[in-house]
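Accompanying notes for the structure given below.
The values are calculated or read from the model by the stated rules, or taken from the named source; none is laboratory data. Please read these numbers as outputs of a predicted model, since none were measured by experiment. Every residue, glycine among them, receives a Cβ derived from its backbone with ideal geometry; neighbour counts consider all protein chains shown. For the accessible areas, the whole protein counts, side chains as well, though only heavy atoms, and no ligand, DNA or RNA atoms are used. Shrake-Rupley method; radii C 1.70, N 1.55, O 1.52, S 1.80 Å.
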Amino acid sequence: MLTRIVFFLVFVPLFCWAQPSQKVIFGCYAEDLEAFEAFATRARESGATHIVLTAEDLPWARWQYDTPGDPYPAWAISNVGLLKIATPDVIKPHIPQDYAEEVLGILEARCKVLRKLGLKAAFTTFEPQMLPESVYEEYPMWRGPQVEHPLRAIAPRFTPAVEHPEVQQLYTESIKILLKRCPEIEIISLHTNDSGTGMSWSQGLYPGANGNTLYQDQPMHTRYFAFFNAIQQGAKEMGSTIEIDAEWVREQNPEYIAQQLKPGMALKNLEGPDATKYKNTVGFLLDYDYVFYPVRGIPFPVRFLTELQQAAENPAPRLFVLMGDRFNTDLYFDLYDRFQEQSTTTYLSRMNMLRTLAAQEVGEAHADHLLDVWRNLYEAHTHQWQYNQGGYWFYIGSVHQRWLTRPFVPFPEELTKEEVSYYRPYLFQARSEERAQSLAEIQSTYFFEGFGGHFLNDRILQHLKGYIGTARENLQVIIDAEAGDAGKLQLLDKRLHAFECIVNNCIHAVSYQYFVDVSKEWNLKHRPMERLWHYLSVPERTRMMAIARQELDNAATLIELLESTEEPILHLADTKAEEDIRILGPDLVAQLRKKMKLMIAHWEDHERLFVED
């Protein structure tokens with residue numbers, strides 16, 4: 001139902017917004033150099049001073065899958081890494097240089113574009129990053145902390161010990177190599193203590209504080225300072241200046257550490273030496289942060305504008321404006337430009353600005369309907385924060401555990417190697433095969449299990465579907481009225497419908513596994529099964545079969561959606577070789593058909609849970 005809101009003009013300019021001295025860094029996924037240049041050109045029009053070079057649009061380091069059966073590198077292969085791409089001579093034998101040169105070549109070409117446009121560059125990554133074990137076999141004193149999540153890996157992973165002078169020199173040489181090819185880089189923003197990275201003896205490391213025992217007594221602030229300083233020293237030797245910050249550190253005393261740093265060094269968004277705010281961030285770049293993944297192109301203008309206002313109310317010397325949703329950049333640029341002209345200060349003023357933009361899109365008569373679409377998508381987004389358990393449910397369930405493509409069968413252990421071959425290699429699973437066969441097992445943890453898990457998962461996701469359903473209802477009113485760009489609106493409806501399929505898949509997976517487990521554990525075969533009504537009266541069987549059928553129909557619906565348009569609906573790998581734990585394959589429709597075929601082939605297996613012979 002359309003929500004009516006009375007709007008008042010409450011635009012109050014914030015004189016501190018977009019200060020001339022502020023560095024404004026725009027970022028977006030770019031499929032090729034032409035797309036990168038188009039984005040940078042448009043960002044310059046909006047006042048950008050820097051452009052991010054390193055979204056998840058660079059070649060992935062699949063060579064890091066160096067241990068058969070170990071899924072953990074999946075979190076690291078998309079992160080370029082300084083030593084991985086700007087490799088000092090001493091470790092070149094350990095790092096594939098064809099990969100390094102390919103990435104450096106792309107970055108160099110992008111910097112040439114920025115040079116032409118008069119813009120500077122920012123470099124985002126994860127550091128210090130895990131290195132191949134062969135590095136430490138040759139240089140054992142360089143071995144730093146173990147960094148992998150111990151329940152999500154089968155091989156130990158180590159990053160270099162940044163306390164070691166030779167390791168510091170590696171990073172100094174690395175940044176010099178990078179700046180020689182990409183002199184426009186002035187800002188480095190990194191994450192640490194996650195995704196195959198980590199600082200020695202940090203309390204934020206997954207395996208607990210650990211590292212090279214020779215440096216155990218060093219205080220944490222000296223480690224961060226030494227690491228940052230090694231990078232900045234290399235930049236200084238190249239006649240450049242680098243500002244650097246680290247996020248996700250999970251340190252116990254970040255304020256104290258920041259107070260020991262210099263200006264241009266920051267930890268947990270606190271810049272040295274006064275622990276003042278380092279930056280504001282609007283939007284996101286990583287798929288990890290996109291609640292609707294793997295669906296593409298669902299916009300989030302309410303979130304974007306809300307974060308713009310928050311940034312204006314609490315300014316910082318640097319503003320990152322990140323457009324991870326690359327399919328709606330015109331919308332975000334329009335909002336950004338409007339906000340620069342006249343900032344919002346309240347919820348009503350934000351809604352009024354969005355309604356004005358909606359009227360521009362679909363006309364005054366249907367502006368409220370489009371605004372309601374956007375508002376409900378925002379509610380859907382905020383509703384899912386509680387579901388982020390190392391990634392949103394749809395990302396770590398439907399994709400990482402291949403709920404979307406694997407068959408829902410009561411005895412998965414009986415599937416042949418050929419039958420599981422299209423999905424088993426892409427399960428994020430580092431423990432037993434028995435756990436891998438359970439739909440409730442998510443990255444080596446049973447997040448939602450038992451009746452409580454089934455009940456809460458269903459309750460929460462049904463509530464989420466309500467927001468998406470309301471958004472689609474409003475969207476359909478606009479489409480039926482032939483207002484706005486019909487093709488664009490119909491594509492958004494297809495994407496929202498596909499997201500409904502993903503949500504359904506997450507509901508079905510948890511609930512189906514619950515009823516399978518209950519039926520096995522309670523040994524329901526002791527009930528009499530002489531008459532049809534005996535069979536039909538078993539509630540667990542009724543619910544299980546209903547869910548299985550719903551999932552069959554859900555897969556068929558998604559196939560129909562995907563085949564109805566050439567436009568991207570889901571994020572799929574470009575080639576079969578690029579399918580990964582984190583990316584669905586280009587043959588998704590064929591995999592969905594395979595899933596349905598296997599479910600039908602094993603449909604009567606459900607009877608074995610309830611009938612003795």
Can you find a residue in region 50-62 that is in contact with a Phe, Trp or Tyr (Cβ under 6 Å, 6 or more places away or on another chain), within 23 Å of residue 228 (Cβ to Cβ) and hydroxyl-bearing (Ser, Thr, Tyr)? yes
Per the list (1) under 26 Å from the mean Cα position of the chain (by Cα); (2) open to solvent by 10 Å² or more (accessible area, probe 1.4 Å), residue check on residue 116 breaks on (1)
Any residue at all in region 356-377 that is within 30 Å of residue 505 (Cα to Cα), within 20 Å of the chain's Cα centre (by Cα) and not acidic (Asp, Glu)? yes
Six or more apart or on different chains, Cβ under 6 Å: which pairs go from a residue in region 292-319 that's part of a loop (DSSP other than H, G, I, E, B) to one that's among the β-branched types (Val, Ile, Thr) and surrounded by 18 or more Cβ atoms within 10 Å (Cβ to Cβ)? Could you list them? 292/298; 294/399
Being within 24 Å of residue 247 (Cβ to Cβ) and of a type in the set (A, V, I, L, M, F, W, C) is the requirement here; does residue 107 meet it? yes
Tell me whether region 426-434 contains one or more residues that are open to solvent by 50 Å² or more (accessible area, probe 1.4 Å), within 30 Å of residue 378 (Cα to Cα) and assigned to a loop (DSSP other than H, G, I, E, B). no
Restricting the first residue to region 242-254 and requiring it to be over 18 Å from residue 125 (Cβ atoms), which pairs with a second residue that is of a type in the set (Lys, Arg) and open to solvent by 10 Å² or more (accessible area, probe 1.4 Å) meet a Cβ separation below 8 Å and a spacing of at least six or different chains? 251/268; 254/268
Check whether at least one residue in region 412-433 is in the same structural domain as residue 464 (by the TED database), among the β-branched types (Val, Ile, Thr) and under 20 Å from residue 293 (Cβ atoms), and report yes or no. no
Within region 374-385, can one find any residue that is of a type in the set (D, E, K, R) and in a helix (DSSP H, G or I)? yes
So is residue 498 of a type in the set (A, V, I, L, M, F, W, C), open to solvent by less than 10 Å² (accessible area, probe 1.4 Å) and within 23 Å of the chain's Cα centre (by Cα) or not? yes
Just need a number here: residues in region 360-392 that are of a type in the set (A, V, I, L, M, F, W, C), open to solvent by less than 30 Å² (accessible area, probe 1.4 Å), over 17 Å from residue 466 (Cα atoms) and in contact (Cβ under 8 Å) with a residue 40 or more places away in the chain. 1
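Suppose we keep only residues that are of a type in the set (Asp, Glu) and either modelled with pLDDT under 95 or part of a strand (DSSP E or B) (or both) within region 218-250. Which one would you say is surrounded by the fewest Cβ atoms within 10 Å (Cβ to Cβ)?
Quick first cut of region 218-250, residues of a type in the set (Asp, Glu) only: 237, 243, 245, 247.
Among the residues that remain, those that are also either modelled with pLDDT under 95 or part of a strand (DSSP E or B) (or both) are: 243, 245, 247.
Values: 243: 22, 245: 24, 247: 20.
Here the answer is 247.
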Would you mind finding the one in 266, 246, 275 that is aliphatic (A, V, I, L, M) and farther than 27 Å from residue 183 by Cα? 275
Any residue at all in region 96-106 that's open to solvent by 10 Å² or more (accessible area, probe 1.4 Å) and assigned to a loop (DSSP other than H, G, I, E, B)? yes
Taking region 181-210, which residues are within 23 Å of residue 23 (Cβ to Cβ) and open to solvent by 30 Å² or more (accessible area, probe 1.4 Å)? 181, 183, 186, 191
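Find the residue count for region 259-291, including only residues that are in a loop (DSSP other than H, G, I, E, B) and either modelled with pLDDT of 95 or more or crowded, with 20+ Cβ neighbours inside 10 Å (or both). Before the answer, list the steps.
The first filter runs over region 259-291 and keeps only residues in a loop (DSSP other than H, G, I, E, B), leaving 260-264, 268-269, 272-275, 278, 285-286, 290-291.
With the extra rule that they be either modelled with pLDDT of 95 or more or crowded, with 20+ Cβ neighbours inside 10 Å (or both), the set shrinks to 260-264, 268-269, 272-275, 278, 285, 290-291.
Within region 259-291, residues that are in a loop (DSSP other than H, G, I, E, B) and either modelled with pLDDT of 95 or more or crowded, with 20+ Cβ neighbours inside 10 Å (or both) number 15.
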